[in-house]
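Before any comments, here is the structure.
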Amino acid sequence: MQCPKCNSDFEQLQTPLGDVERCTECKGLWIDAYEVEAMKPLADVIDSGDEEIGKAFNAIDRIDCPVCPNNQLLRLVDPKQPHIWFESCPTCKGRFYDAGEFKDLATLDLSDFSRNLAWLSACNLFLLSIKKALYSQRLMIDSKPIP
């Protein structure tokens with residue numbers, strides 16, 4: 001199997017919790033969706049790639065599934081950690097994590113909480129501005145004379 005990001009070969013990592021494929025060059029990971037949660041305790045061991053290299057490869061987002069021929073992966077965002085973008089196959093549900101992403105996914109800390117809080121705050125301000133705009137639009141409509 002070949003890496004969808006750099007086309008290098010995958011090496012199979014056998015762990016007590018299941019098997020994972022890791023790219024021999026960019027160190028990206030291919031993990032079956034049903035194994036993601038089970039593999040999180042091993043994230044430091046299996047995700048040994050350079051996070052900066054992973055960030056560079058994260059820019060490549062139009063890639064095909066290494067398992068399902070001619071099947072483009074979808075770019076998804078983790079709902080608990082929206083700064084983590086990964087690719088997933090709509091058919092086999094396998095996931096590709098760039099180097100460093102899986103380790104980050106496995107660690108939910110205070111910085112993730114503050115990021116989410118900042119995002120929610122920004123959404124709240126946006127909704128408030130829409131509400132104000134709609135309210136002022138309504139006032140302008142209400143103040144027009146009825147013909």
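Quick note: the coordinates plus some simple rules give every number you see, no bench work behind them. Keep in mind that this is a model prediction, so the values were computed, not measured. Here the Cβ is made from the backbone with ideal geometry for all residues, glycine too, and neighbour counts use every protein chain on show.
Measuring r between the beta carbons of Ala38 and Tyr135 and using R0 = 35 Å, the FRET efficiency lands at 0.10. Subtracting the Cα-Cα distance of Val45 and Ile60 from their residue separation scaled by 0.36 nm leaves 3.0 nm. Site pair Glu52 and Leu128 shows an inter-label distance of 3.9 nm when each label is modelled 7 Å from Cα along Cα→Cβ. Ordering Phe86, Phe96, Phe126 from the fewest to the most neighbouring beta carbons within 10 Å gives Phe126, Phe86, Phe96. The convex hull of the Cα atoms of region 10-106, projected and averaged over all directions, covers 5.6 nm².
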